[in-house]
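The values are calculated or read from the model by the stated rules, or taken from the named source; none is laboratory data. In this text, all values refer to a predicted model and were calculated from it rather than measured experimentally. In this analysis, Cβ positions are derived from the backbone assuming ideal geometry, glycine residues included, and neighbour counts consider all displayed protein chains.
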Amino acid sequence: VAASPLHWHTESLGLRDLPRGVWGGAGWLTRGVTHQGPARAGMEAGVLLGFLPWIKLEGGPLAVFLLMAGCLSTLVRREPFRTRVRRCGWLLAPALLWILAAFAVSRIWLPRQADFFRGAWLQRTAERLADPTAILLPMARDLLRPEWIGLWVVFAAGWIFALVTRRRRAAILGTAIVLQLGVYTATYFATYLPPGDHVRSSFFRIAAALAPLGILVLAEATLGELPATREAAARGPGSGLESARGSSS
């Protein structure tokens, strides 16, 4: 977060984007730590990630992408298949309950939120695809603003490096972030608002919530698994949490 505009521009970004970034990053970190424990330990990450739609509308697709990334990174692990399936189950069960509850509450009790796809959104999308630079260039300029300290340029390089070198966790998490950016891009092409103004008024702010996750991609792409994590994996399930308890005591 310290490398993100969230660290010093919270008052101009909107208060909901800071917790969205924190909860998303905390959920992914928790998922990584609990991977060395029993399968049910993944429930903690599921609770964190499933809460994202309660914070803001954009938290819905972000939660789905992070859960997909978490399950995929679990399924490629070197563990018995049944253990991997249980881990995914414990991750998904609380998250899906949270997400469905958020959807129900927003539909039944809360005022209707802005629907950027209202009206002839397919026609608008087709017209704007004829000149995509009107949307993509302002988005690119926002990602290259000095406040980012080059974060998104380094993120792109780190994500490509992870894909090429098959650092799976970093590659999978980076793909989830790119998919979320794709959701934002699709919204700008379909929105009933003037797309250029919509980008300028919102993209810098909503991209900031992805910055902590982007930093985690860079950490996992460059560092890979920490030695303690590798040793815990070699000793077997549960040893990671046991060693952490022993060191803390």
Hits in segment 143-188 (condition: charged (D, E, K, R) and crowded, with 20+ Cβ neighbours inside 10 Å): 167, 169
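Here's the yes/no breakdown for (1) in a helix (DSSP H, G or I); (2) touching a residue at least 60 places away in the same chain (Cβ under 8 Å); (3) touching a strand residue (DSSP E or B) at 6+ places or on another chain (Cβ under 6 Å):
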residue: 45; (1), (2), (3): yes, no, no
residue: 64; (1), (2), (3): yes, no, no
residue: 68; (1), (2), (3): yes, yes, no
residue: 83; (1), (2), (3): yes, yes, no
residue: 104; (1), (2), (3): yes, no, no
residue: 110; (1), (2), (3): no, no, no
residue: 138; (1), (2), (3): yes, yes, no
residue: 155; (1), (2), (3): yes, yes, no
Matching residues in segment 112-136 - criterion: being among the aliphatic types (A, V, I, L, M), in a loop (DSSP other than H, G, I, E, B) and closer than 24 Å to residue 56 by Cβ: 114
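What about residue 225, is it part of a helix (DSSP H, G or I), at pLDDT below 90 and either charged (D, E, K, R) or out of contact with any helix residue (DSSP H, G or I) (no Cβ under 6 Å at 6 or more places or on another chain) (or both)? If you could, list the steps in order and put the result at the bottom.
On the way: part of a helix (DSSP H, G or I): no; at pLDDT below 90: yes; either charged (D, E, K, R) or out of contact with any helix residue (DSSP H, G or I) (no Cβ under 6 Å at 6 or more places or on another chain) (or both): yes.
No; evaluated as a whole, the condition is false for this residue.
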Subset tally (residues that are under 14 Å from residue 93 (Cβ atoms) and at pLDDT below 85) for segment 52-67: 0
